[in-house]
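Everything below concerns the one structure shown next.
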Amino acid sequence: MAGGEGSRLRPLTCEKPKPMVPVMNRPLMEYTVELLRLHGLRDIAVTLQYLPEQIKDHFGSGDSFGVNLHYFVEEEPLGTAGSVKNAASFLDETFIVISGDALTDFDLNEALYFHRARGAMATLVLKAVENPLEYGVVMIDPDGRINRFLEKPGWGEVFSDTVNTGIYILEPEVLSLVEPGKMVDFSKDIFPRLLEQKEPLFGCVLDGFWCDVGDIREYLRAHRQVLEGKVRLRLNAKEQERGIWLEEGVQLHPRAILQPPVYLGSGCSIGAGAQVKDGSVLGSYTRVDERASVKRSLTWEGAYIGKGAALRGGILCNGVQVNSRSSVFEEAVIGDNSIIQEGVVVKPQVKVWPSKVVENGVILNESLIWGSKVSRTLFGRDGIQGEINRNITPEMAVRLGAVYGSIASGGPVLVSSDGHRASKMLREALMTGLLSTGATALNAGELLIPMARRAVCHLAAWGGVHVSLSPGGSDAVRISFIDGDGLPLTRSLERKIEQLYFREDFHRPPGDAVGEELHLPNLAELYRRELLQIVDGHKIARCGFRVLLGNPGAYLRSFLVPLLQQLNCSVITYNCNAAAEADAAAAESCLLQHSHKELTLAVRSNNATLGAIIDPTGEKALLFDERGSAIKGDLYTALLSLLVFRERRGSTVAVPVNATHVVERLAERYQGKVLRTKTAPRYLMEAGLQDSQQRKIPVSLEFDAIAALIYLLDLLASQDLTLGTLLEEIPAIRVREREIPCPWNYKGRVMRRLIQETSRDRTEMIDGLKVYHPEGWTLIMPDPEKPTYHVYSEGYTEEISESLTDFYVDKINMLQQES
């Protein structure tokens, strides 16, 4: 399989197909051809698509490599299975599919023996890895039969650390499932179909080295692992001293310094006082001039490193010139034939495309042309979050807008923010990026995020972006992307944004085709009208409720107070601390720190019907009943579920997998149903959206605190209840949560062992591993953003909840020690 474009390796692959990218001064595909030849496999079909002539010109008929090569070129990408189907005329017996752009020393004969011994139709070669997130995870039975696939899972779905290497042993009958000329993938289409049809589909876990060389970091690491002897490869050099490998024609000045491990290609020249150290690999005819220093770095053919220059963990492609006193740092890549003039500093992870010039004295801290990378990933559990002007800058927002606009292909995108100055700054930057791609930007100004979600739906926009302060105060910000249904993006779309962002691959139309900005200032009014349509305003008005609002920010006050007054509610605003008036994040701080005492007293002293602290985004609320009792966490979730059940018996409510099972007891009482979802907001909102079509309220209450408050008042009025009376219906909640440190490289193995050890128990794997016991349940979830696990337990008593939590915390710690 040699059709790979290697987009994540750009600019290495701007002018070169990925199989031709050099490793240890040889094209990557040479090692695959050699591995096949050493296992007696000399008849090889090569599938090509991206820059095919380069591969044909280098390998020819295969005679000089001891094999027979046959080429099959795709005019358009056909997917992995479609590509192999394109070579069907060559495949009339058991055959191996292997990547021409991965590096491995697997014993293929072992896999062939495994395949034949089990009478398999298809055998996938598997490898246990430390971080399985970027691969297809495969779960197998003890005899090797495959029982489940997970394509690039999140941490909550990592149930094994064995991944698909892309090496397959197949019988020709498999190709009968592939429609000719169509885009068909083995892992997404063919193997799941074989699994569904209960065909003999097996996974063979092999020892040995395997690396898919998927990105710049992996490319650098592969070289270091070869130099460290972790890969069985034949090198075109002699080991002159331990760890010093030299090809023919290398010229070393007597005062040159080589410190192992290093590899120098043919014709390299190392000047007086120059140093090459710490796992560096130099391509043929690289010249390192006097007093230059190369550490942990790679060069391709014909690179030049000038006098006093420094290369620290960077990569120089063919013909690159780094002139005197310049420095190139970690994971920076300089594309073919680019020139770095004197005194330049190229910061870490900066990429320079081929044939560029960086002028004297420039400090290059962003890629040429569009910008620098700040992280390998952008999205967390809830949008993109970081510190203003550090992790998240206006430049970054412009690029994000350009990426989203490129994906939207001109479709209108709504852009909004809260009232914080930094949020408004980033809103303007996002719109600039959108407009630069030709997209229409709908400037909604200041909104709360539930309003923005509803506006996207009402306007039939392609999507939306909202900027708001995030938990942590005025220095932290969150950028929330919204799809056309008003939901957070799917993980696949988040990945697409990340890929385009890091590749800096944006649509750039001519100047007369840039997008148009449209101002839509009154969208909050649409949201207000929609809320009033779902409640009986006359009944609420007759009750004359007294509502106490704690720490409402300026915008929330300006919207919610008139809305409540329109419903004939008396509104009391109360500030938890003196800073609340000046700080829009004070309500968030009060909400997170659970400083309830003041609000409890205020609710009682003002004879309020209820109290509420609504966070500045408008999503979450902390409620107080008429006695001042706080309603938060699982109790809040149970209350919202009870509202739905009381509004209509037989309703279905969606709650996250880690929520209390008290919700099921309420459902039983009201002949309802409970749908458990993953914990990420998208899944809960999506399920809630489908459920709300059966009810009068068209929103997910968990993520719209204003709607939840108005809906609650409506229910209290229509059913002549108090909030305290409602709470009395909810059984005692005894959920316990604990967070346990666990290194990233242990997470997959720990989860695999937990699954093995609980195989006889009743379990669920909706998100993480949920284990049921006669006296309760426990959920073990890997944190997607931190090297930790979360353990949730709920039992019939407080003691049982604690003991279940302690048991699994101890189990996770023990499994880490075994690892």
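The values are calculated or read from the model by the stated rules, or taken from the named source; none is laboratory data. If you're wondering where the values come from, they're calculated on a predicted model, not measured in any experiment. Here Cβ is always computed from backbone atoms with ideal geometry, including for glycine, and neighbour counts include all displayed protein chains. To get the accessible areas, we keep the full protein, side chains included, count just its heavy atoms, and leave off ligands, DNA and RNA. Shrake-Rupley method; radii C 1.70, N 1.55, O 1.52, S 1.80 Å.
Over the chain, the pair-distance histogram of Cα-Cα distances with 10 Å bins from zero comes to 2, 11, 18, 21, 20, 14, 8, 4, 1, 0 percent, rounded to whole numbers.
Annotation: the range 676-806 has a Kirkwood hydrodynamic radius of 17.5 angstrom, from the mean reciprocal C-alpha pair distance.
Per 0.36 nm of contour for each residue apart, how much would the distance between residue 390 and residue 54 grow if the chain were fully extended, relative to their Cα-Cα spacing?
Numbers: separation 336, 0.36 × 336 = 120.96 nm, distance 4.25 nm.
Extra length available between residue 390 and residue 54 comes to 116.7 nm.
Give the Debye-formula value of log10 I(q)/I(0) at each listed q (0.18 Å⁻¹), with one equal scatterer per alpha carbon of the range 399-450, two decimals each. Summing over Cα pairs of the range 399-450 leads to -0.50.
On average, how much accessible surface per residue is there in the range 359-463, in Å², for a 1.4 Å probe, leaving out ligands, DNA and RNA? Present the calculation step by step, with values, prior to reporting the outcome.
Values: 3990 Å² over 105 residues.
Here the residues of the range 359-463 average 38 Å² of exposed surface.
Note on the range 420-542: the C-alpha convex hull projects to 10.0 nm² when averaged across all orientations.
Applying 1/(1 + (r/R0)^6) with R0 = 22 Å to the Cβ-Cβ distance of residue 597 and residue 573 gives a FRET efficiency near 0.75.
Pairs exceeding 32 Å between alpha-carbon atoms, taken from 16/295; 230/747; 56/230; 56/188; 182/770: 182/770.
Net charge of the neighbourhood of residue 4, taken over other residues with C-beta under 9 Å away and scored Lys/Arg +1, Asp/Glu -1, is -1.
Take 42-51, 385-394 and order them by the average number of nearby Cβ atoms within 10 Å per residue, most first; the result is 42-51, 385-394. For the range 208-229 versus the range 1-41, the spacing of their alpha-carbon centroids is 13 Å.
Near residue 805, within a Cβ-to-Cβ distance under 10 Å, what is the net charge of the other residues, with Lys and Arg +1 and Asp and Glu -1? Write down the numbers at each step before the final one.
Numbers: positive: 736, 738; negative: 737, 794, 802, 806, 810.
Residues close to residue 805 contribute a combined charge of -3.
Here the alpha carbons of the range 157-291 define both size measures, Rg and Dmax, at 22.4, 68 Å. When you work out D = kT/(6 pi eta Rh) for the range 391-481 at 20 °C and 1.002 mPa s, using the Kirkwood radius from C-alpha pairs as Rh and the Stokes-Einstein form, the result is 170 µm²/s.
Its Cα gyration tensor gives the range 200-277 an equivalent ellipsoid, and the semi-axes of that ellipsoid, as √(5λ) in whole Å with the largest first, are 33, 13, 10. Between the helical axis of 421-436 and the longest alpha-carbon principal axis of the chain there is an angle of about 50 degrees. Taking the chain as the reference, fit the longest principal axis to its C-alpha atoms, fit the long axis of helix 394-408 to the helix C-alpha atoms, and give the angle between the two in degrees, 0 to 90, nearest 10. The angle comes out at about 90 degrees.
Give the Kirkwood hydrodynamic radius (Å, one decimal) of the range 271-317, defined as one over the mean of 1/r across all pairs of different Cα atoms. Walk me through the numbers on the way to the answer.
Values: mean 1/r = 0.0998 Å⁻¹.
By the Kirkwood definition, the hydrodynamic radius is 10.0 Å.
Taking each DSSP H run with n ≥ 4 as -39500 (n - 2.57) and averaging over every residue of the chain yields -9000 deg cm²/dmol at 222 nm. The phi torsions of the range 438-450, fed into the Karplus equation with coefficients 6.51, -1.76 and 1.60 and a -60° offset, translate into couplings of x, 6, 7, 9, 8, 7, 8, x, 8, 8, 8, 5, x Hz, rounded to whole numbers, with Gly and Pro shown as x. The magnitude of the dipole of the chain, with charges of +1 and -1 set on the Cβ of Lys/Arg and Asp/Glu and taken from the Cα centre, is near 920 debye.
At a 1.4 Å probe, what is the % contribution of carbon and sulfur to the accessible area of the chain?
Numbers: 15780 of 33520 Å².
Here it works out to 47 percent.
Under unit Cβ charges (Lys, Arg +1; Asp, Glu -1), what dipole magnitude, rounded to 20 debye, does the range 687-819 have relative to its Cα centre? Display every interim value, and only then the final one.
Values: 14 positive and 23 negative charges, 137 e Å.
Taking the Cα centre of the range 687-819 as origin, the dipole is about 660 debye.
Relative to the longest principal axis of the Cα atoms of the chain, the long axis of helix 216-227 makes an angle of roughly 40 degrees. Comparing 245, 231, 447 along the charge dipole axis of the chain, the residue lying farthest to the positive side is 447, per the Cβ-charge model.
Distance distribution note for the range 279-417: the fraction of Cα pairs above 20 angstrom is 50%. Measuring from a point 7 Å past the Cα of residue 225 along Cα-to-C-beta, which residues in the range 119-140 have an amide N at less than 12 Å? What the label zone holds, given the 12 Å backbone N cut-off, is 127-131. One chain, two ends: residue 764 and residue 725. Fully extended at 0.36 nm per residue, the span grows by 10.6 nm beyond their Cα-Cα distance.
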